[in-house]
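The next block holds one structure in the form of structure tokens; read it before the comments.
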Amino acid sequence: MHLNRGMSPSSLAVIVLAAGQGTRMKSRTPKVLHSLAGVPLIGHVLATAEALDPDVLVVVTRHEADAIEEVVAELSPDAQCVRQDAIPGTGRAVEVALGSIPHNVESVVVLSADVPLLDSDTLLAVIHHHSAEGAAVTLLSAVVDEPTGYGRVVRSESGAVSAIVEEADADADTRDIAEINSGTYVFSRTALADALPTLGVDNAQGEKYLTDVIAQQVASGGGVQAVIVDDEWLVEGVNDRIQLSEVQRRLNRMIVRGWQKDGVSIPEPESVWIDLSVQLSPDVTVFPGVQLHGGCVIGEGATLGPDCTLTDTEVGAGASVIRTVASEAEVHEGAQVGPFAYLRPGTVVETDGKVGTFVETKNSTIHRGAKVPHLSYIGDAEIGEGANIGAGTITANYDGIKKHRTVVGAHARTGSDNVFVAPVQIGDGAYTAAGTVVRRDVPPGALAVTAASVRNIDGWVEKNRPGTPSSEASASAHQEPPEQ
């Protein structure tokens, strides 16, 4: 439902409550900063608040205020942060925030920073209902199977809202009520300004309850409305890690399903995790066990998985990435990575390049058509177009103080079990022999060989390892064949 406010331009404010301690998370990280699909919990709520296009957005903090305010400033620069004082309760939090809201604002939306799935369309419908009914207070409620932990919505015989009773203050009959208060409200600013200074702390929690404003409005006939949300999961709060995981699973199912509808093949959606900020193109295939985090961008027809974790990584059209961990890397069109590859930040695998099995790369460019097929470490290096790096190659890039670069020229061929002691260059078209340690530059077209003859010491095993299976095998091999 679209909002038809019929109000002045300066008529809507949003307050986000983020002052709670969140002790049930049992975490050093503030509850509202725990991640959900790559975004802090409070980030989801701020995005919803901004979608309402309010004239004023106020975030109330207290516990871990510095950390929360830093995130708010990053995610929502126009938001104002205010700190709740020592007086506890949601009523006091809103009272503190109201001081930052101009008097000409007519409606105030109150959101909880730990209710991340509530969307702006639902809120716009509530705001529209509030405006159409001319209510003093409109709350969003839900009917749930398990209401424990929530305030209950008490209605009169006529169905009108008569009270909101917090669970700590509820008797047995009230606790049996299945309609719960979501903690989401639309208030008349005037009603708030009149009621908040009169609130007391005479209750089980010793707090200023925001719900007491509703009781005052019921008593004075000010008009209280309650809109029941159709999908109760929209108003699920996060108070502990169990609830966080439940919300994570639900949101991830929605994200995955959305990409499937947009033309992405995900054969086993329950095994795939995709952050909100990830971008996928049509005809991408995401096999089981794939996790895509941060700003991953995946090109058309690319194949990911099984078993990949990619963070802030770009994968080009038609590329293949299998059983790989990658962070801040680029895999260009048609390139192949994995299985069992590790792309660290700064890795670029250009078009048709290959980083193969048990290869680790860092701050390196594998140029067009170049291949590092297996069992290698390539750090701080340039691997030229069409070059091939032999198995077991190591770029010795660190001298204990500084990092140095290795440059392998175009169409060079390096042997197995090489060590390139940086800084060093292998020229275009050059070869290196197996087992070579390259300590100085190799000219284009040259063959680099570490010259060392093999010296055999006959009888060493039988002399130095007597009685071992090796010694017995050696002795047997030295026996002369029997006469015919």
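The values are calculated or read from the model by the stated rules, or taken from the named source; none is laboratory data. For clarity, every value in this text was computed on a predicted model and none was experimentally measured. Note that each Cβ is placed from the backbone with ideal geometry, even for glycine, and that neighbours are counted across all protein chains shown.
Observations on the structure shown:
- Test result for VAL72, in contact with a strand residue (DSSP E or B) (Cβ under 9 Å, 6 or more places away or on another chain) and either assigned to a strand (DSSP E or B) or basic (Lys, Arg) (or both): no
- Test: GLY89 is modelled with pLDDT under 95 and among the small types (Gly, Ala, Ser): yes
- Odd one out for ARG257 among (1) among the basic types (Lys, Arg); (2) on the phi < 0 side of the Ramachandran plot; (3) in the same structural domain as GLU385 (by TED's automatic domain parsing): (3)
- Whichever residue in the range 198-231 is among the β-branched types (Val, Ile, Thr) and under 41 Å from the mean Cα position of the chain (by Cα) and, among such residues, is farthest from GLU179 (Cα to Cα): VAL201
- Matching residues, the range 94-121, being touching a Ser or Thr at 6+ places or on another chain (Cβ under 9 Å) and part of a helix (DSSP H, G or I): SER120
- ASP380 vs. criteria of a type in the set (Asp, Glu) and without any contact (Cβ under 8 Å) to a residue 12 or more places away in the chain: no
- Highlighted here are the strands (runs of 3 or more DSSP E) found entirely within the range 356-463 that include at least 3 residues which are within 25 Å of HIS332 (Cβ to Cβ): 371-379, 381-383, 406-408.
- Any hit, the range 200-208, residues being surrounded by fewer than 14 Cβ atoms within 10 Å (Cβ to Cβ), more than 30 Å from HIS128 (Cβ to Cβ) and at pLDDT 95 or above: no
- Summed over the range 385-434, the residues that are small (Gly, Ala, Ser), buried (at least 24 other Cβ atoms within 10 Å of the Cβ) and closer than 18 Å to VAL359 by Cα give a count of 1.
- Qualifying helices (runs of 4 or more DSSP H) (wholly inside the range 148-259; at least 2 residues being of a type in the set (S, T, N, Q)): 211-220
Here's the yes/no breakdown for (1) surrounded by 24 or more Cβ atoms within 10 Å (Cβ to Cβ); (2) of a type in the set (Lys, Arg); (3) farther than 21 Å from ARG413 by Cα:
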{"residue": "ILE298", "(1), (2), (3)": "yes, no, yes"}
{"residue": "VAL315", "(1), (2), (3)": "yes, no, yes"}
{"residue": "ARG323", "(1), (2), (3)": "no, yes, yes"}
{"residue": "GLY334", "(1), (2), (3)": "no, no, yes"}
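- Applying a threshold of 7 Å to beta carbon distances and a minimum spacing of six or more residues, or different chains, the list of pairs starting in the range 443-464 at a residue that is acidic (Asp, Glu) and ending at one that is modelled with pLDDT under 95 reads GLU462/SER471; GLU462/SER474; GLU462/ALA475.
Yes or no, residue by residue, for (1) at pLDDT 95 or above; (2) assigned by TED's automatic domain parsing to the domain that holds PHE340; (3) in contact with a Phe, Trp or Tyr (Cβ under 8 Å, 6 or more places away or on another chain):
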{"residue": "ILE366", "(1), (2), (3)": "yes, yes, no"}
{"residue": "GLU382", "(1), (2), (3)": "yes, yes, no"}
{"residue": "ASN388", "(1), (2), (3)": "yes, yes, no"}
{"residue": "ALA396", "(1), (2), (3)": "yes, yes, yes"}
{"residue": "ASP399", "(1), (2), (3)": "no, yes, no"}
{"residue": "HIS404", "(1), (2), (3)": "yes, yes, yes"}
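- Residue in the range 302-311 that is farther than 22 Å from LYS261 by Cα, among the hydroxyl-bearing types (Ser, Thr, Tyr) and out of contact with any helix residue (DSSP H, G or I) (no Cβ under 8 Å at 6 or more places or on another chain) present: yes
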